[in-house]
1. For I320, state whether it is closer than 20 Å to K184 by Cβ, β-branched (V, I, T) and modelled with pLDDT of 90 or more.
2. List the helices (runs of 4 or more DSSP H) that sit entirely inside region 135-221 and contain at least 1 residues that are over 36 Å from the mean Cα position of the chain (by Cα) and assigned by TED's automatic domain parsing to the domain that holds S264.
3. Just the residues that are of a type in the set (F, W, Y) and either in a strand (DSSP E or B) or under 29 Å from the mean Cα position of the chain (by Cα) (or both), please, taken from region 223-264.
4. Given the structure, is K267 among the basic types (K, R), under 34 Å from the mean Cα position of the chain (by Cα), exposed (fewer than 14 other Cβ atoms within 10 Å of the Cβ) and not in a loop (DSSP other than H, G, I, E, B)?
5. Checking R291 against (1) modelled with pLDDT of 80 or more; (2) farther than 27 Å from D224 by Cα; (3) surrounded by 19 or more Cβ atoms within 10 Å (Cβ to Cβ), only one condition comes out false. Which one?
6. If S341 passes every condition in (1) part of a strand (DSSP E or B); (2) at pLDDT below 90; (3) small (G, A, S) but one, which one does it miss?
Amino acid sequence: MAINFKKSYKFAFKSSVYISLFVVCSLLIYNYFVQHINLFILFAFPITLFVFSFFLIQYRVEVFIYKRIKKLYDEVSILDATSLKNKIVTTDISSLTNDIRNFAKEKKIEIESLNIREEYRREFLGNISHELKTPLFTVQGYLDTLIEGGAIKDKTLRVKYIERASKGVERLIHIVQDLDMISKFEVGDLNLDITKFDIITEIQNVFDLLEMKADAKNIILMFDEKYISPIHVYADKDKIQQVLTNLVMNSIKYGKENGTTEISVEKINKNKVLVRIQDNGDGIEQQHISRIFERFFRINKSGSREEGGSGLGLAIVKHIIEAHNEKIFVQSTYKKGSEFSFTLKTSK
């Protein structure tokens with residue numbers, strides 16, 4: 001990459017001035033104490049010396065310093081081909097120092113970011129390995145028992161083990177499908193089918209779908225008030241239903257027995273509504289809130305896996321809402337409950 005250098009003459013100029021002043025002072029002293037010097041020599045010699053010194057010093061600066069600085073910039077540009085591109089680089093030492101200091105600062109931030117990403121990558125690989133390993137070992141265990149343990153001859157055991165192996169396969173498919181959906185969202189390859197629909201009706205449909213799960217823990221699914229008129233929004237109906245299902249399912253999963261899950265829909269301006277899903281369950285500790293939308297992140301790893309699920313629900317929720325160019329929020333108080341909320345458009 002070609003680098004344009006701006007030569008600095010300040011060093012050579014100042015050095016030449018100092019040398020010339022020294023010579024003039026020396027000549028004046030010599031003239032005063034020793035003998036009279038011709039005035040032409042007294043003024044012409046320092047000027048000649050100044051010009052000679054300037055070019056000599058500048059030449060040596062360019063030969064011994066400029067080339068080394070250029071080499072240093074060339075090496076830096078190999079590490080970062082963008083930071084020095086289309087930039088005039090000076091041989092001035094203070095400018096060089098600032099450039100190198102800024103470069104080092106940027107690289108430090110970049111290294112710290114890479115370390116964080118590497119830690120996230122290791123954790124993600126560990127989590128996905130665990131999530132896939134559990135159903136795979138379940139399927140393998142039941143199939144091995146059928147084939148090698150002789151259970152295949154017993155019709156009752158055969159049906160029972162095949163059904164359990166099938167559930168393990170279903171969980172694997174669910175995990176892979178969720179990962180595929182997240183990948184498509186991240187690369188912008190999942191198109192949204194934006195339509196106008198009543199959000200109140202969709203919430204009620206989710207309540208009906210999850211009513212039996214809520215009844216198992218004696219949790220009441222409810223609106224904050226009676227909505228007489230429909231509230232129409234513009235979004236992908238199926239994807240928003242998936243968001244509502246995941247959030248309500250979580251409120252049941254982590255909710256306390258005899259608790260409640262309450263949903264409210266409030267207009268925040270003429271073009272937006274805010275959908276709130278609030279529960280009085282276990283809540284989330286503050287140190288975990290920033291990570292709950294990460295793939296496979298679980299607060300209570302053992303308990304969450306016993307409840308089932310892919311561990312990707314909240315990550316999918318976040319991607320769906322952001323794909324709509326909307327915002328999702330979370331507030332939680334540990335041991336008191338959580339509130340998830342997101343915005344939707346009410347008009348085009």
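The values are calculated or read from the model by the stated rules, or taken from the named source; none is laboratory data. Just so you know, these numbers come straight off a predicted model, no measurement behind them. Cβ: placed from backbone, ideal geometry, glycine included. Neighbour counts: every protein chain shown.
1. yes
2. By residue number, 199-209, 211-216.
3. F223, Y234, Y254
4. It is true that K267 is among the basic types (K, R), under 34 Å from the mean Cα position of the chain (by Cα), exposed (fewer than 14 other Cβ atoms within 10 Å of the Cβ) and not in a loop (DSSP other than H, G, I, E, B).
5. Answer for R291: the failing condition is (3).
6. (2)
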